[in-house]
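Notes follow the structure.
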Amino acid sequence: MDLNIIARKYPDVEYNPERFPGLVMRIVDPKATILVFSTGKMVVTGMRHAAEAPTVVEDVIKRISKCKIKISNPRIIIQNIVASGDLKCSIDLNMAAVVMEYSMYEPEVFPGLIYRMQEPKTVFLIFSTGRSVCTGGKTKAIVAEAVEKLYYAVREYDVAREPGEEVSFEDEEEMTFL
C-alpha cells in the first residue's frame, strides 16, 4: 500500500517515513488513533470500548478506498487491552518491590512499580496512591481476573495501607533494612 498517496489526499494524517514507517490517522468519533503500514496492517489505539473497533476500521477503509486502494476482508484482532483502576488503598511500593516476585521499582527512573503477573499473563503499573494500569490482557475477562488477583495480592503481601494507617517497625534493625 502506497502511504504517500493517502498522505497527499488527507492533510490531517501524519506521515514521515524517516521518523516512523507508518501513517498516523486520527478519528474523532469514536475517538481513535490508527497507525497504517505499507503492508496493509493497522494498529488501532485509544478507543474506550472494543465494540468501537469495527466502526473505526470501516471509517479508515472508506478513507483509504477514496485513494483508489482496494481493501478486502479486513480482520480485527484484539491484541491488548489497557485498563486503569484503583486498588482502594495506598501501596508501600518499597515493600512491594521486596516481597512481590516479578516486580521492579526504581523511583529515580519511574514513580510506579512494574509488576509482571505470571497468571494471567499481564503487566501492572502500580502507584503509591493505589492507582494502577493493567496491560497485556486480550479479553475483558482476563483483565478482570488479573485486577481481582492483584487486589487480593497487595493485601496478602501486606503492602496495602488503608487511609491513615501508619507503618510500624518492630525494631531499629528492621527500620534500617527498609
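The values are calculated or read from the model by the stated rules, or taken from the named source; none is laboratory data. Here the structure is a predicted model, which means the values were calculated and not measured. Cβ coordinates were reconstructed from backbone atoms using ideal geometry, including for glycine residues, and neighbour counts include every protein chain displayed.
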**OP:** Being outside any strand (DSSP E or B) and under 17 Å from L87 (Cα atoms) is the filter here, so list the residues in the range 98-117 that pass it.
**Re:** M100, P111, G112
Original post:
Which pairs have Cβ atoms under 6 Å, sit 6 or more apart or on different chains, and link a residue in the range 108-119 that is basic (K, R) to one that is assigned to a loop (DSSP other than H, G, I, E, B)?
Top reply: R116/Y102
Original post:
Restricting to the range 14-57, what's the tally of residues that are surrounded by 11 or more Cβ atoms within 10 Å (Cβ to Cβ) and in a helix (DSSP H, G or I)?
Top reply: 7
**OP:** Kindly indicate which of M117, M104, M95 is at negative phi, touching a helix residue (DSSP H, G or I) at 6+ places or on another chain (Cβ under 9 Å) and surrounded by 15 or more Cβ atoms within 10 Å (Cβ to Cβ).
**Re:** M117
Original post:
Of the residues in the range 63-77, how many are under 28 Å from the mean Cα position of the chain (by Cα) and assigned to a helix (DSSP H, G or I)?
Top reply: 2
Subject >> Check on A146, at pLDDT below 95 and either closer than 29 Å to Q79 by Cα or surrounded by 19 or more Cβ atoms within 10 Å (Cβ to Cβ) (or both) >> reply: no
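Has the range 65-73 got any residue that is within 30 Å of N4 (Cβ to Cβ) and touching a helix residue (DSSP H, G or I) at 6+ places or on another chain (Cβ under 6 Å)?
Yes, that holds for at least one residue.
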Original post:
When you look at N4, is it of a type in the set (S, T, N, Q) and in a loop (DSSP other than H, G, I, E, B), yes or no?
Top reply: no
Original post:
Going through the range 122-151 one residue at a time, which ones are within 13 Å of I81 (Cβ to Cβ), not hydrophobic (A, V, I, L, M, F, W, C) and not in a helix (DSSP H, G or I)?
Top reply: T122, T135, G136, G137, K138, T139
Original post:
When you look at S38, is it of a type outside the set (F, W, Y) and closer than 18 Å to V147 by Cα, yes or no?
Top reply: no
